[in-house]
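Sharing a structure, written as structure tokens. Questions coming.
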Amino acid sequence: MRKIKLLILMLISVLGIILSIPAYANMAAPRDDDLASGVSFEKNNDLRVISEELDIKIKGETADIKAIYNMKNIKNVAISSQAMFISPNISGNSARVLMNGMELSFKAKSYYIDHNTSSRIEEWKFVIENPGEESEYLDMVDTISFNMEFKPLEEAMIIVSYSYRLGGYPSLDFDSKYGSLTYYLSPASMWEDYGGITINLELSSDMPVLEESSIKFEKVGKNKYQYKASSLPKEELKIRVNQNGWQKFISSFRSPYLMMNFVVILPLILVALVAIAIIAIIIVSVRRRKQKN
């Protein structure tokens, strides 16, 4: 009986090693996240940001993003201030800017960037360095600039909303599916005064797992998370969402690489089975000899 148990354990161990071999087809580098950023305001000691609320709602391959800023003119004179926002999808007519519920006009400018392009903050603006030429192989970054007019002592709500294309592989329908998002919070550090931030995150039913996050969210409901702080996080917001275990198991059978992986490991399985069969024959042969003796 002990030898039979040992044989079973060996079979399980061999199969475990075989099944742990990675799928070579999934080794390709994922598609990068789009560039998304909070509003950079022109430095102005007369304006104060009372609070910021960032709503991120993931839906399929995209995320609806809404940044809400509660601002106040602390002076008894009219104030005019410029602002800039980086949005990845102005070409899709998804961007909107509101001030106290009224539409604000904005100027849009696009950059085509490659791997040698970088972004930085200069004074109050994001600057795209070394923009490349238009090409189907380059990513596009869109910026919007707008002007805000404050009456004396006026408190206003500024809302910037747009659609964001997730990075990763959110469009796949098998187990390699996942989505990633990067949101640059650092522009808010340019503000003269900052009253705190609330980030509301809602995941979709097809990717309901918050697999990774650069900040610590608190779960507040089904597929809903929230982050609150009186100061900005020290790093940019980076999240990765994924399917749950059951979804991964079911979707693995739809993988186009399933048959290829099976063909790869089939010879190993046959070798393992032959080896186990030989061991079993040896054990039985030895046992019979002992019985005859």
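Within the range 165-182, take every residue that is modelled with pLDDT of 85 or more and among the aromatic types (Phe, Trp, Tyr) and give me the one that is farthest from GLN247 (Cα to Cα).
TYR169
Kindly indicate whether any position in the range 42-59 is at pLDDT below 60 and either closer than 30 Å to GLY195 by Cα or not in a helix (DSSP H, G or I) (or both).
No, because not a single residue in the range 42-59 is at pLDDT below 60 and either closer than 30 Å to GLY195 by Cα or not in a helix (DSSP H, G or I) (or both).
A follow-up question, please. Please determine whether any residue of the range 127-139 is within 12 Å of SER40 (Cα to Cα), modelled with pLDDT under 90 and either open to solvent by less than 50 Å² (accessible area, probe 1.4 Å) or in contact with a Lys or Arg (Cβ under 9 Å, 6 or more places away or on another chain) (or both).
yes
List every residue pair whose Cβ atoms lie under 7 Å apart, where the two residues are 6 or more positions apart in sequence or sit on different chains, the first residue falls within the range 37-59 and is among the polar types (S, T, N, Q), and the second residue, located anywhere, is buried (at least 20 other Cβ atoms within 10 Å of the Cβ) and not in a strand (DSSP E or B).
SER37/PRO187; SER40/PRO187
Restricting attention to the range 141-166, report how many residues are in a loop (DSSP other than H, G, I, E, B) and open to solvent by 10 Å² or more (accessible area, probe 1.4 Å).
4
The values are calculated or read from the model by the stated rules, or taken from the named source; none is laboratory data. Everything quoted here is computed from the prediction, not taken from an experiment. We place every Cβ from the backbone using ideal geometry, glycine too, and count neighbours over all the protein chains shown. Ligands, DNA and RNA are excluded from the accessible area calculation, which covers all protein heavy atoms including side chains. Shrake-Rupley method; radii C 1.70, N 1.55, O 1.52, S 1.80 Å.
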